[in-house]
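S.K.: My structure is below; once you've seen it, I'll send some questions.
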Amino acid sequence: MTSRTEVPESGIGAPVNRVEARDKVTGSARYTADVRLRDMAHATVVTSTISAGRVRRIDTTRALAAPGVLTVITHRDRMPWRSTPADTGYLENRFPLADDKITYYGQHLAIVVAKNLEQSLHAASLVDIDYEVDASVPTLDEAMPDAYTANGRLIRPPWPQHLVLPPGADPQAALAGADVRTDSTYRVPHFSHVPLEPGAVVAEWSGGTLTLHDCSQDVHGHREVVAAVFGLPPERVRVLSPLVGGAFGNKTDVWGHSLLAAHAARVVRRPVKLVLSRKQVFTSTGHQPPIVQRIRLGAGREGRLAVILHDTVNATEMRGDRPEPAIISTASSYAAPVLAVDAKIAKVNIGPSISLRSPGDAPGSFALESAMDELSYRLGMDPLELRRRNHLNTDPLTGKPWSAKHLLQACELGAERFGWARRTAEPRSMREGGELVGYGMATAVRGEIPDRARAEVEIRADGTAQVRTATQEIGTGALTLVAQITAAGTGVPLGRVSVRAGDTNLPRTAGNAGSRTTGYTGSAVHLAAEKARRAAVRMAVTDPDSPLYGLADGEVEAADGRLFHRDDTKRGETYRALLARHDGKPVVAEASYTPRTSHAVATFGAHFTEVRIDPDLPRVRVTRHVAVFDVGRITNHKAARNQAQGGIVFGMGWALMEKLTPDPVSGRYVDAALTDYHIPVNADVPDIEVLFIDEPDTIAHPHGSKGMGEVVSVGVAASIANAVHHATGRRITDLPITPDKLVG
Amino acid sequence: MPDEVSPHPSRRTVVAGGLTVGVAVAAGTYLSAAGAETASAADATRSLSLIVNGERLKLAVDPRSSLLDTLRDEVGVTGPKKGCNQGACGACTVLLDGRRVLSCLTFAVLHDGQEVTTVEGLADGDRLHPVQQAFMDHDAFQCGFCTSGQIMSAVALLEEQPGITEDRIPEAMSGNLCRCAAYCNIRDAIASASDTMAKGR
């Protein structure tokens, strides 16, 4: 098989512009913070400046007296929360302002509402707080001795935190018996999502019904939680998520500020807008926790793995147990006859963590793919060859074959495009212009997390179509995806397809998280569009006035807004003509999608990186990156390439610069600002070549496409770290790879 | 404003409660943290005239309001975005008398009578500015939140350095963060717009 390098000009795969592109370049694209309502007040949250202790006294006198202030709400006020966090599905194990206890820096202590933004900011600065300060456990290192297996309320779907395969095997014995062994410990720090759009919410009550404009990756999920917290039936809450200015996981769940804004709006009887400050984003909407991972590999001299042991400990908040699933794909990565994985957590005084792009897999792959590189050097074997020899065709985790897996082809193609054969194995053996040159590679796997999806497609008498589903546009191209699939399924031209999304009044579908949109929502749209077209065909072939009358349904095709005879394309009529004869009523079809479970479904990738490093000032520059992804059929080559490049740059950030640092005494992040938490800028980014295998995987999903937002970030950090090792001979096992770690 | 204070105080230091410049400004225009005696000042608005995207506007604004907040909350021009409010992300970039500025870092009241161009003011009717068109065609964004600022920076860059060579673009555009990281497409779009504009000259 070869990769398709040709890109279709129309239909599925065509590199069309995004449906909302014009809005985004003209400033008319609407985000949550752009929502302006009549009489809208502005809120500011006051956050704790200690990480452990309690509020001894909170004095709101001066704030309340400040101009324009409408209310100041603290834990001393009666909060309206019903039930318990666990019963409502609320992420944190404590509702906001529920008590006087403080377990992390940046915890919300008050909400101030005023007529304008400046007044609310000023009044927030006038809230006087007297703390009782307790000793803080700010770092994972400090907490590590007390690491334990999570036993509280788990905040994400279950995955095995401890697993030995095959059951009853003796991994230690397998390791002891192996010809060649590696044993390394890898560390990743706190990473932040840093969407450019800070968390924002506009809340409005009307006759006991709450309308919440919220930047959300899952409006229906948010509604369920918000309704439960306020003790309302879900239909009394409407959540609208206009365009979302980036999310990467930190808008999957309802956060405290949204609940506080909704409560405040009811108190002041006006719509309330609350936008988090950038600093607050770092502490109010989650992060990826620091993780320490130990990987031990055992292999035979011929390069076949005998055993993988992967043990992790990640920091978790004081009030909740959230293991980071860094081991989740270890079993599905390589053919090791014995495997043992174990995930533990350790409590620190840091706010709640949450899924960050490729949760588990991104940090897990940094460790495993670095370890594989180390093993390749122990064996004296090309790292790519080592991966070939340990390729898997069946997922050991589920025992099922993958619906499709073209990882070996991805590796071959990437190696060829990158020029991997030019690599000389010895570290520090490649130089150019005084600089050390390093080549590194890594592979990627990301298992799909099934979900249900629903969508509605309408073909109208005016020749247009509309697709309706409560998906959100977070930047991945979701709106364009559903429009393209609708166009392909109905035969209505793309330019005449409109999209409604981001609203709980629309059919509930998978949240835009976990790479679910293309596979799941895309399938529901595909099925709804097919169903609508088939209904229209049925109308035509049973209508004596139609030129298609009497044909079998299967003989009729649709394109350009027209139904026609498969073998005689001139015989046919437009949707417009057909529906005009049927009272001008639209054809509406709704479809639900639940994936089948006969196969394991995953996406795969191969990364190849070139770095150049000045030996005297060892700043790592990524100068070339080639990646090949196996994600089923590509729906839009332009958007897919963009998303893949973006995911790779995300991985570059983790590898080379990103890090949130808790102060070891106070537990305060010392770098909670874009001036200090560095993300890649334009000049950091090299040429990134992205290729797709582009083979439909119709076993996974009926339209053959799978989500790719996460797999594109998996393996990047290891590929860079492996290139750094090749260039310098230094194996950096703690991210980010900053120059200080390479000096000397 | 007392003379000893910078004529362009940072908005942040003032809104944050005046610990840094509070003493200097307590007597005058801006708010200090001292509470009651400045309460009336805090509630007061200042009249301001701005030309926004060609339209002359008379506004009454809170003197602490940044140019960005004034555009967004008072004028209703929401193309410029607040990504960090400290001049680190570039999402709020607008043209002020033709020069690019970070609108989050300057007070609106300092710019009486000046001309502001935001992304909303670039197109000529339905005809997009070449940079806007190129951003569309090159898919130079994903979520779009940084896009207004990217486009305004790019427009100013191509005014300042017409025909800029392609390899200079990444450095020149590094003041505008894009977390979705559409950077490759952003520079392709700018290079392409530069060509289009050169042909038009």
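The values are calculated or read from the model by the stated rules, or taken from the named source; none is laboratory data. Quick caveat, the model's predicted, so the values are computed rather than measured. Please note: Cβ atoms are built from the backbone with ideal geometry, for glycine as well, and neighbour counts cover all protein chains shown.
S.K.: Which condition number in (1) in contact with a strand residue (DSSP E or B) (Cβ under 8 Å, 6 or more places away or on another chain); (2) at the interface with chain A (Cβ under 7 Å from one of its Cβ atoms) is the one that B:ALA156 fails?
M.R.: Failed condition: (2).
S.K.: Just the residues that are closer than 20 Å to A:ALA124 by Cβ and either more than 12 Å from chain B (Cβ to nearest Cβ) or β-branched (Val, Ile, Thr) (or both), please, taken from the stretch A:42-52.
M.R.: Residues of the stretch A:42-52 that are closer than 20 Å to A:ALA124 by Cβ, as a first pass: A:42-51.
Selection gives A:ALA43, A:THR44, A:VAL45, A:VAL46, A:THR47, A:SER48, A:THR49, A:ILE50, A:SER51.
S.K.: Tell me whether the stretch A:633-653 contains one or more residues that are over 30 Å from A:ILE12 (Cα atoms), modelled with pLDDT of 95 or more and in the same structural domain as A:ALA410 (by TED's automatic domain parsing).
M.R.: yes
S.K.: Which ones in the stretch B:100-130 are part of a strand (DSSP E or B) and either more than 18 Å from B:SER66 (Cα to Cα) or modelled with pLDDT under 95 (or both)? Spell out how you get there, then give the answer.
M.R.: Of the residues in the stretch B:100-130, the ones part of a strand (DSSP E or B) are B:100-102, B:107, B:115-117, B:124, B:127.
Residues satisfying the conditions are B:ASP124, B:ARG127.
Residue-by-condition table, conditions (1) aliphatic (A, V, I, L, M); (2) within 30 Å of A:HIS287 (Cβ to Cβ):
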residue: A:ASP382; (1), (2): no, no
residue: A:PRO396; (1), (2): no, no
residue: A:SER403; (1), (2): no, no
residue: A:GLN409; (1), (2): no, no
residue: A:GLU412; (1), (2): no, no
residue: A:LEU436; (1), (2): yes, no
residue: A:VAL445; (1), (2): yes, yes
residue: A:ARG460; (1), (2): no, no
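S.K.: Among the numbered criteria (1) touching a Cys at 6+ places or on another chain (Cβ under 7 Å); (2) surrounded by fewer than 24 Cβ atoms within 10 Å (Cβ to Cβ); (3) among the charged types (D, E, K, R), which single criterion is violated by A:GLU224?
M.R.: All conditions are met except number (1).
S.K.: Quick one: would you say B:CYS84 is in contact with a Lys or Arg (Cβ under 7 Å, 6 or more places away or on another chain), hydrophobic (A, V, I, L, M, F, W, C) and at pLDDT 95 or above?
M.R.: Working: in contact with a Lys or Arg (Cβ under 7 Å, 6 or more places away or on another chain): yes; hydrophobic (A, V, I, L, M, F, W, C): yes; at pLDDT 95 or above: yes.
Here the answer is yes, as B:CYS84 does meet what is asked.
S.K.: What is the one condition in (1) more than 10 Å from every other protein chain (Cβ to nearest Cβ); (2) out of contact with any helix residue (DSSP H, G or I) (no Cβ under 6 Å at 6 or more places or on another chain); (3) part of a helix (DSSP H, G or I); (4) buried (at least 16 other Cβ atoms within 10 Å of the Cβ) that B:GLN133 does not satisfy?
M.R.: (1)
S.K.: Follow-up. Quick check on the stretch B:131-151: of everything there that is in contact (Cβ under 8 Å) with a residue 60 or more places away in the chain and of a type in the set (A, V, I, L, M, F, W, C), which residue is nearest to A:LYS251 (Cα to Cα)?
M.R.: B:PHE145
S.K.: Answer yes or no as to whether A:ALA727 is within 21 Å of A:GLY360 (Cα to Cα), in a helix (DSSP H, G or I) and of a type outside the set (Asp, Glu). Please lay out each step first, then the result.
M.R.: Working: within 21 Å of A:GLY360 (Cα to Cα): no; in a helix (DSSP H, G or I): yes; of a type outside the set (Asp, Glu): yes.
Criteria not met by A:ALA727.
S.K.: Quick one: which of A:ARG428, A:ARG452 is within 13 Å of A:THR518 (Cα to Cα), surrounded by fewer than 24 Cβ atoms within 10 Å (Cβ to Cβ) and in contact with a strand residue (DSSP E or B) (Cβ under 7 Å, 6 or more places away or on another chain)?
M.R.: Of the residues listed, the single one that is within 13 Å of A:THR518 (Cα to Cα), surrounded by fewer than 24 Cβ atoms within 10 Å (Cβ to Cβ) and in contact with a strand residue (DSSP E or B) (Cβ under 7 Å, 6 or more places away or on another chain) is A:ARG452.
S.K.: In addition: Within the stretch A:485-493, identify whether any single residue is assigned to a loop (DSSP other than H, G, I, E, B), buried (at least 24 other Cβ atoms within 10 Å of the Cβ) and within 14 Å of another protein chain (Cβ to nearest Cβ), and answer yes or no.
M.R.: No, that holds for no residue.
S.K.: Sticking with this one: Looking only at the stretch A:623-638, count every residue that is buried (at least 24 other Cβ atoms within 10 Å of the Cβ) and either in contact with an Asp or Glu (Cβ under 6 Å, 6 or more places away or on another chain) or assigned to a helix (DSSP H, G or I) (or both) and tell me the total.
M.R.: Here the count works out to 3.
S.K.: If you don't mind, there's one more thing I want to ask. Can you tell me which residue in the stretch A:182-227 is farthest from A:ALA362 (Cα to Cα), limited to those that are outside any loop (DSSP other than H, G, I, E, B) and within 14 Å of another protein chain (Cβ to nearest Cβ)?
M.R.: Ranking the qualifying residues of the stretch A:182-227, first place goes to A:VAL202.
S.K.: If you don't mind, another one. Which condition does B:VAL116 not pass, out of (1) surrounded by 20 or more Cβ atoms within 10 Å (Cβ to Cβ); (2) touching a Leu at 6+ places or on another chain (Cβ under 8 Å); (3) within 12 Å of chain A (Cβ to nearest Cβ); (4) not small (Gly, Ala, Ser), if it passes all the others?
M.R.: For B:VAL116, the failing item is (3).
S.K.: Does A:ALA110 qualify as being in contact (Cβ under 8 Å) with a residue 40 or more places away in the chain, within 14 Å of chain B (Cβ to nearest Cβ), crowded, with 20+ Cβ neighbours inside 10 Å and under 28 Å from B:ARG72 (Cα atoms)?
M.R.: no
S.K.: From the list B:LEU71, B:LEU105, B:LEU128, B:LEU122, exactly one residue is more than 27 Å from A:PHE248 (Cα to Cα) and away from chain A (no Cβ under 11 Å). Which is it? Before you say what the answer is, go through the steps one by one.
M.R.: Working: B:LEU71 fails: away from chain A (no Cβ under 11 Å); B:LEU128 fails: away from chain A (no Cβ under 11 Å); B:LEU122 fails: away from chain A (no Cβ under 11 Å).
Of the residues listed, the single one that is more than 27 Å from A:PHE248 (Cα to Cα) and away from chain A (no Cβ under 11 Å) is B:LEU105.
S.K.: Further question on the same structure: I want to confirm something. Restricting to the stretch A:686-703 and keeping residues that are part of a loop (DSSP other than H, G, I, E, B) and under 21 Å from the mean Cα position of the chain (by Cα), which single residue is farthest from the other protein chains (Cβ to nearest Cβ)?
M.R.: A:ALA700
S.K.: Please go through the stretch B:157-182 and pick out each residue that is touching a Pro at 6+ places or on another chain (Cβ under 9 Å) and outside any loop (DSSP other than H, G, I, E, B).
M.R.: B:LEU158
S.K.: Condition check: farther than 19 Å from A:VAL716 by Cα, among the aliphatic types (A, V, I, L, M) and touching a strand residue (DSSP E or B) at 6+ places or on another chain (Cβ under 6 Å). Does A:ALA326 satisfy that?
M.R.: For A:ALA326, the condition - farther than 19 Å from A:VAL716 by Cα, among the aliphatic types (A, V, I, L, M) and touching a strand residue (DSSP E or B) at 6+ places or on another chain (Cβ under 6 Å) - is not met.
S.K.: Another question, if that's okay. I'd like the full set of residues that are under 15 Å from A:ASN682 (Cβ atoms) and either at pLDDT below 95 or more than 7 Å from chain A (Cβ to nearest Cβ) (or both), limited to the stretch B:179-192.
M.R.: B:ASP188, B:ALA189, B:ILE190, B:ALA191 - these are the residues of the stretch B:179-192 that are under 15 Å from A:ASN682 (Cβ atoms) and either at pLDDT below 95 or more than 7 Å from chain A (Cβ to nearest Cβ) (or both).
S.K.: Within the group A:ALA33, A:ALA63, which residue is among the small types (Gly, Ala, Ser), in contact (Cβ under 8 Å) with a residue 24 or more places away in the chain, more than 9 Å from chain B (Cβ to nearest Cβ) and buried (at least 21 other Cβ atoms within 10 Å of the Cβ)? Even if it seems obvious, please write down each step before you answer.
M.R.: Numbers: A:ALA33 fails: more than 9 Å from chain B (Cβ to nearest Cβ).
Being among the small types (Gly, Ala, Ser), in contact (Cβ under 8 Å) with a residue 24 or more places away in the chain, more than 9 Å from chain B (Cβ to nearest Cβ) and buried (at least 21 other Cβ atoms within 10 Å of the Cβ) holds for just one of A:ALA33, A:ALA63, which is A:ALA63.
S.K.: If you don't mind, there's one more thing I want to ask. Among the listed residues A:VAL620, A:VAL587, A:VAL611, identify the single one that is within 38 Å of the chain's Cα centre (by Cα), in the same structural domain as A:THR464 (by TED's automatic domain parsing) and crowded, with 23+ Cβ neighbours inside 10 Å.
M.R.: A:VAL587 is the lone residue from the list that is within 38 Å of the chain's Cα centre (by Cα), in the same structural domain as A:THR464 (by TED's automatic domain parsing) and crowded, with 23+ Cβ neighbours inside 10 Å.
S.K.: Okay, moving on. Residue check, B:GLY200 against (1) more than 7 Å from chain A (Cβ to nearest Cβ); (2) crowded, with 20+ Cβ neighbours inside 10 Å, all met but one. Which one?
M.R.: (2)
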